[in-house]
Amino acid sequence: MVKFRKYISSAAVLASGLFLAQSTVSTVLYSQNYDNQKNSLNLPSPVSSMVERSVLSAKELVDINVNTMMADPVLKNANWGFVVYDPKTKKVISSYNESSPLVPASTTKLLTTETALNLLGENYRWLTQLEYAGTIDENGTLNGNLYVVGSGDPSLGTNKAGAGSYRDIISDFIGGLSREGIRKVNGDIIIQTALFKGNIAMLPENVVWLENNNYYLPAGTTRAINPANEKLIVKKSGFSTEKKFFYVSPYAHQMVYAEKYDGDGVLTTKLPDAPAYLANSFRTTLVKSGIPVTGKVFAKMTDPAPENRKTISAYKSPTLGDIVYYTNQHSDNSLAEALLRTVGFQKLGDQTSESGRVVVTDHLKDAGFDMLGLTYMDGSGLSRSNNVTPISQVKFLTSLMDEKYYRSYLTSLPIGGQSGTLKRMFLGTGNGQVFAKTGTLNKVKTLAGYLKTNSGKTLVFSLMVNNYSGSVDMVKKRMEKILEPALDL
């Protein structure tokens, strides 16, 4: 519980006493119409009158708002925690349950994206190269193979963060062939897939796998699997009374579940097998353009006797800074998981989620992260087994303010009332002053980041709510009310 300090003046004592006397809590069952019954329920509400605001300090107003929310029907049975922290004094201004491990949802991406920026640098790029082996005769026939060599680019062909489309990349590849004088390919198109070796792995525990009516695929390979084969296999009970919707994925060869089904009977994915899709589309375009290819497209994971090859064209991804910006603004789960696997590969030579988790947790330990209460299961926050404490989040965010990539990191966060996943929050008070990562799962709503106060100070905060009552919009309104007086600190 928030412990109030004794108010300094007798006027403050009188004002707070009158306020609390008027805020007697009645026993009220939760109602969907609660938000529309402003005057009919005798419930405590955040401080709003001009008299109270003129007498009480900003800190006292924050404390009172937090305390009154404990009796709010949306939050009173929830497990939630809150901290607002001053990075200059290194002191907690106000808090509630700040050391309780809570499900962070997509605020987990704060850890994943920062690790990538720290270890790789904001100018890091992925390369996808077209190479050839063999000889080119006087007729422009390549007697040899073409190679598509990737590096695990998570944005390949997606148009995300300014990434090129498959058509753009293929156009560059064909331009490279033209420069080399290649008018026919007497060989195969080989996808070099060594980077993806061992990329099939068990899913993190309790992953909520449904994203925007499409599957979220944690691992991509060049195996001959059509993502469209993924489908709903059980729509009713039968396995568990609590888990209603069951799905199967040929990518991970195991059954998973989602708590809500928004599809129309069969779900497909927006994420094709990127290297294979690129190579097959490239071959089709070559043939249509009058450049015959006698061979086929296939993947080669290992190459014990590699051919001498020459680079024809190299496509560069957007910078890591651009990828992180897109990831945090849109809360993109597939990019976050790709960043997790990329740091695993760069440090341990193994592009798996397991290696990524080791690298991230080791980095956090080295950075002095408060590991007490931390459970880091995936890069995106989809797993309900993730846990973190509000106090560790704010101290972590505070530590980043001295890093050279802090400006890039801060810019990647959605802005209240203006951008990303915060565009529809803080439309009035706090507009343009809240820079934070959002998180949403069923009955989980979280927010963590930075506040620019009215006096120009930068504060750090974390607000995580688990197992609330009512709708997510109701929780968002409570979050706004809790943070509103902090803007005057």
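The values are calculated or read from the model by the stated rules, or taken from the named source; none is laboratory data. On a predicted model such as this, the values are computed, not experimentally measured, just so you know. Methodologically, a virtual Cβ is constructed for each residue, glycine included, from the backbone with ideal geometry; neighbour enumeration extends over all protein chains shown. What goes into the accessible areas is simple: the full protein's heavy atoms, side chains included, and nothing from ligands, DNA or RNA. Shrake-Rupley method; radii C 1.70, N 1.55, O 1.52, S 1.80 Å.
Quick look at the numbers
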item	result
Built amide H within the under 5 Å cut-off of Ser313, gap 5+	Leu130
With all protein chains modelled, accessible area of Phe173 [1.4 Å, Å²]	0
Per residue, in Å², the accessible surface of the range 350-489 once ligands and nucleic acids are set aside, probe 1.4 Å	36
Interchain or long-range residues, amide H under 5 Å from Val297's placed H	Ile189
In order through the range 360-370: 3J(HN,Hα) via Karplus (6.51 cos²θ - 1.76 cosθ + 1.60), integer Hz, x for Gly, Pro	5, 5, 5, 4, 4, 4, 5, 7, x, 5, 6
Solvent exposure, largest accessible area first (probe 1.4 Å, DNA, RNA and ligands not counted), of Asp63, Asp362	Asp362, Asp63
Ser151-Val92 FRET efficiency (beta carbon distance; Förster radius 30 Å; 0.05 resolution)	0.10
Which of Ile415, Ile190 is most accessible, then next, and so on - probe 1.4 Å	Ile415, Ile190
Most to least packed among 310-316, 384-390 [average Cβ atoms within 10 Å]	384-390, 310-316
Shape call, the range 359-489: gyration tensor on alpha carbons, a/c limit 1.5	oblate
Percent accessible area from carbon and sulfur atoms, the range 431-489, protein chains only, probe 1.4 Å	43
Accessible surface of Met377 - all protein chains present, 1.4 Å probe, nearest 10 Å²	40
Spin-label model distance (nm) - Val287 vs Asn159, 7 Å beyond Cα toward Cβ	2.7
Average accessible surface area per residue within the range 66-165, 1.4 Å rolling probe, Å²	33
Separation between Cα centres of the range 442-474 and the range 324-340, rounded to whole Å	20
18 Å cut-off, amide nitrogen to a point 7 angstrom out along Met401 Cα→Cβ, residues in the range 425-453	433-437, 448-453
Gain on full stretching of the segment that runs from Leu372 to Leu119 - 0.36 nm per residue minus C-alpha separation	88.8 nm
